[in-house]
Amino acid sequence: MKKSNHKLRILLKRSLVMFSINILLLFTLVGRLYYLQIYQGEKYALMADSNRTSKRLLVPPRGSINDRNGIELAANNQIFQAMLIPEQVRNIDKMLQSISPILNLNETDITRIKKEISRHRRFVPVKIKDNLSWEEVSALMLINHRFPGLIIDEGLTRYYPFKEYTAHPLGYVGSVSEQDLQKSDAPILQVPGFKIGKSGFEKTYDESLRGTEGISTLEVNAYGRIMREIEKKDGLKGNDLDLTIDIRLQKAAYDAFGNESGAAVVLDVHTGEILAFVSVPAFDSNLFVDGISLKNWTALQSDEKTPLTDKAVSGQYSPGSTFKIVVALAALEEGIIDAKTSVYCSGKMQFGNHLFHCWRHSGHGRQTLVDAIKNSCDIYFYEVALKLGIEKIAAMSRRLGLGTIYELGLENQKPGVIPDKEWKRQKLKAPWQQGETVIAGIGQGYVLVTPLQLATMLARVVSGKEISPTFIKKDTPDTPQKLNIKPENIALVKQGMFEVVNGLGGTAARAKLKLKNIKMGGKTGTTQVRRISLQERATGIKRDEDLPWKFRNHAWFMAYAPHDKPKYAVAVIVEHGRSGSGVAAPIASKILEEAIKLDIR
């Protein structure tokens with residue numbers, strides 16, 4: 001009996017211990033549940049929700065780029081895209097083989113598609129081709145039933161309706177590169193197929209144009225497959241960019257060049273607004289949006305007329321005789337010459353051991369300033385430049401806007417060269433020579449300008465204001481300050497430019513405007529691109545027509561109109577165009593005629 005009681009007490013003790021342990025475990029479990037569900041409940045609810053949902057960025061429509069009248073120069077086109085969902089396609093190779101003839105897919109395209117498939121899960125859509133034509137869409141619809149994973153989707157793509165006419169200022173968009181991702185951590189750049197600005201205004205104003213991304217909240221299963229869309233918040237369209245360019249004048253300026261190579265810039269002389277800005281030849285910006293083909297890229301790169309170069313701001317050329325306007329104003333302001341000052345031109349001038357020639361070998365005879373501008377007499381400006389000195393010539397050049405980089409929002413803008421004594425010491429480690437002042441007086445030697453700078457210089461001369469060029473349209477344009485150049489000196493120089501076009505024997509007499517009661521003024525310039533030897537001068541200088549294209553002279557013409565109340569200024573460079581009067585002046589005349597007919601406001 002005692003033995004049974006002992007066993008019972010032991011069993012009771014063990015039961016009590018087990019009961020206590022169970023109670024302790026129960027309280028521990030309840031405490032843990034309280035901690036997880038009450039104290040940490042919000043945290044784990046969010047974690048569970050994040051596992052159930054997935055957020056995707058939505059690409060917003062890109063802002064448009066417009067001309068001064070609201071015409072779209074860079075727009076968004078609704079397009080059709082061919083997509084495939086790999087997990088729904090039984091035989092991807094067979095499908096690609098079937099659609100390749102329809103979509104003109106080559107081996108490179110197929111390799112790209114397969115690479116994209118391997119990089120993502122098999123339920124993630126992969127783009128086959130963008131911007132399908134109606135014919136391609138129709139053909140795909142006919143065979144769509146055979147390939148359930150083949151999808152025709154809608155999207156937006158950047159489109160440049162005026163192609164070559166606006167290529168250089170607008171630039172183009174392209175796919176995000178690894179270098180782009182290293183420069184920016186913006187999440188939108190990670191979206192497949194997203195495009196950013198690669199050059200021109202598309203690049204400069206990219207962040208403003210691209211807008212704000214939207215968000216789509218999706219319900220996904222444990223494998224990440226989309227089950228349904230829970231919420232969608234559309235992004236905000238990018239800001240539009242309104243330019244000062246008038247596309248009608250832009251087209252007229254481009255077409256005026258025909259088959260020539262060069263550039264033209266048209267300014268409003270009162271506001272500095274750039275009304276036309278062309279570099280010829282150019283390229284079709286649309287070629288770059290989806291990646292330019294090797295064939296097209298090679299053709300652009302190998303073209304001797306360099307269509308990829310924006311000659312209006314990147315082309316640096318000797319200004320030739322157009323620079324004589326700068327020398328004339330500097331001399332007038334310094335009191336070195338006046339309206340009656342004359343120089344005799346015999347066709348050549350001896351200075352030291354060098355003989356400097358006028359373009360007219362027989363000479364011009366006695367020339368006043370107006371005569372010298374009208375006839376573009378080199379001897380007159382040789383003499384004046386020597387009296388002035390290079391420092392005063394350089395000072396007036398900079399005052400008129402040469403040697404300046406302007407805030408235009410364009411890359412690759414070149415400053416040109418306005419030489420002086422310090423420039424040569426720094427650049428060439430040599431002292432300045434008087435003979436270099438002589439040739440600088442006619443815009444040769446070290447002097448280099450861009451078409452934009454020359455147009456700005458002319459706008460400042462005829463307006464008497466410190467005009468700065470701009471591409472951005474403003475409701476109220478800035479009011480430029482006065483240059484403080486004597487009005488009578490500006491009037492004298494303008495009279496010389498008037499005679500260039502309208503005077504008897506003027507160097508651009510054949511370029512008169514074909515408009516009733518409206519006259520223009522201007523200045524020709526011809527720039528040598530090769531050195532003429534003494535032997536060639538003795539035996540006869542070869543005509544440009546007899547030389548290969550790349551050895552012919554560059555042709556300049558800058559002009560303004562109307563002469564009595566100037567509104568427009570234009571600078572035209574024709575590369576290897578032989579002479580300013582014969583080639584560049586007629587182009588400028590056509591451009592000014594169109595501007596006056598349009599009466600741009």
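The values are calculated or read from the model by the stated rules, or taken from the named source; none is laboratory data. Quick caveat, the model's predicted, so the values are computed rather than measured. So basically every Cβ, Gly included, is an ideal-geometry build from the backbone, and we count neighbours across all protein chains shown. Heads up: the accessible areas ignore ligands, DNA and RNA and are worked out on the full protein's heavy atoms, side chains in. Shrake-Rupley method; radii C 1.70, N 1.55, O 1.52, S 1.80 Å.
Computed extension gain for Asn239 through Asn353, at 0.36 nm per residue and net of the alpha carbon distance, reaches 34.7 nm. Among the trypsin sites (Lys or Arg not before Pro) found in region 482-528, those both in a DSSP coil and sparsely packed, with 13 or fewer other Cβ atoms within 10 Å of their Cβ, are Lys514, Lys516. With an a/c value of 1.5 or above and a/b not larger than b/c for the gyration tensor axes a ≥ b ≥ c computed over the alpha-carbon atoms, region 132-204 is described as oblate. Here the calculated FRET efficiency for Ile110 and Ser362, from their Cβ-Cβ distance with R0 = 56 Å, stands at 0.20, rounded to the nearest 0.05.
Model label sites at Arg398 and Glu422, defined 7 Å from Cα along the beta-carbon direction, differ in position by 0.6 nm. Between helix 134-143 and the chain, what is the angle of the helix's C-alpha long axis to the longest principal axis, kept within 0 to 90° and rounded to the nearest 10? Helix 134-143 sits roughly 20 degrees off the main axis of the chain. For the chain, the longest principal axis of the C-alpha atoms and the axis of helix 41-52 are separated by about 70°.
With a Förster radius of 45 Å applied to the C-beta separation of Arg510 and Ala139, the computed FRET efficiency comes to 0.20. Strictly over 32 Å apart at the Cα level, which of Lys374/Lys516; Lys114/Lys251; Lys203/Lys324 would you flag in this model? Flagged as over cut-off: Lys114/Lys251; Lys203/Lys324.
Considering only Val280, Ser15, Val343, and ranking their Cα positions along the charge dipole of the chain that arises from unit charges at the beta-carbon of Lys, Arg, Asp and Glu, the one farthest toward the positive end is Ser15.
The long axis of helix 487-502 is offset from the longest Cα principal axis of the chain by roughly 80 degrees.
In region 111-194, which trypsin sites (Lys or Arg not before Pro) fall in coil by DSSP and have 16 or fewer other Cβ atoms within 10 Å?
Values: sites: Arg112, Lys114, Lys115, Arg119, Arg121, Arg122, Lys127, Lys129, Arg146, Arg158, Lys163, Lys183; in loops: Arg121, Arg122.
Of the trypsin sites (Lys or Arg not before Pro), the ones in loops of region 111-194 whose Cβ has at most 16 other Cβ atoms within 10 Å are Arg121, Arg122.
The length gained by stretching the chain between Gln433 and Trp297 to full extension, at 0.36 nm per residue less their Cα-Cα distance, is 44.4 nm. Couplings for region 269-281, taken from phi via the Karplus curve 6.51 cos²θ - 1.76 cosθ + 1.60 with θ = phi - 60°, read 6, 9, 10, x, 5, 7, 8, 8, 8, 10, 10, 10, x Hz in order; Gly and Pro are left as x. Between the beta carbons of Glu154 and Ile23, assuming R0 = 45 Å, the FRET efficiency works out to 0.10 to the nearest 0.05.
Close amide H pairs (under 5 Å, H built 1.01 Å from N) link Lys198 with Tyr172, Val173, Gly174, Lys203, residues at least 5 positions away or on another chain. Which of the three applies to region 100-171, rounded, prolate or oblate, going by the alpha-carbon gyration tensor with a ≥ b ≥ c and a/c under 1.5 meaning rounded? Prolate shape, in that a/c is at least 1.5 and a/b is the bigger ratio. Largest to smallest in accessible area, the residues Ile85, Ile102 fall in the order Ile102, Ile85 (1.4 Å probe, all protein chains included).
The Cα center of region 77-94 and the Cα center of region 452-508 differ in position by 60 Å. Placing unit charges on each Cβ (+1 for Lys and Arg, -1 for Asp and Glu) gives the chain a dipole about its Cα centre, and among Thr111, Gln250, Ala555 the Cα reaching farthest toward its positive end belongs to Thr111. Among Phe27, Phe257, the order of accessible area from largest down is Phe27, Phe257, computed with a 1.4 Å probe on protein heavy atoms. Once both labels are positioned 7 Å from their Cα atoms along Cα-to-Cβ, the gap between Met83 and Ile472 label points is 3.7 nm.
Sequence-ordered 3J(HN,Hα) estimates for region 295-300 from the Karplus curve with 6.51, -1.76 and 1.60 and θ = phi - 60° stand at 4, 5, 5, 5, 5, 5 Hz, glycine and proline given as x. For semi-axes √(5λ) of the Cα gyration tensor in Å, the candidate list reads [x] 72, 29, 22; [y] 39, 31, 23; [z] 52, 33, 20; the entry that matches the value derived from this model is [x].
Phi angles of region 198-212 translate, via the Karplus equation with coefficients 6.51, -1.76, 1.60 and θ = phi - 60°, into HN-Hα couplings of 10, 7, x, 5, 4, 7, 4, 9, 4, 4, 6, 6, 6, x, 10 Hz per residue; Gly and Pro are given as x. Multiplying the sequence separation of Ile405 and Tyr344 by 0.36 nm and subtracting their Cα-Cα distance, what value in nm do you get? Extending this stretch completely gives an extra 18.1 nm. Residues of region 557-601 with an amide N closer than 18 Å to a point placed 7 Å from the Cα of Asp255 along the Cα-to-Cβ direction: 586-600.
Positive end of the dipole of region 303-354 (Cβ unit charges, origin at the Cα centre): among Gly352, Gly315, Leu332, the Cα lying farthest that way belongs to Gly352. Of all beta bridges that DSSP places with both ends in the chain, some 95 percent have antiparallel geometry.
Basic side chains Lys and Arg get +1 at the Cβ, acidic Asp and Glu get -1 at the Cβ, and with that the dipole of the chain about its Cα centre reaches some 2160 debye.
Given charges of +1 on the Cβ of Lys and Arg and -1 on the Cβ of Asp and Glu, with all other atoms neutral, how large is the dipole of region 318-462 about its Cα centre, in debye to the nearest 20? Working shown, then result.
Numbers: 17 positive and 12 negative charges, 43 e Å.
Dipole of region 318-462, to the nearest 20 debye: 200 debye.
Once backbone amide H atoms are built at 1.01 Å from N, Gly193 has no partners under 5 Å, excluding neighbours fewer than 5 places away on the same chain.
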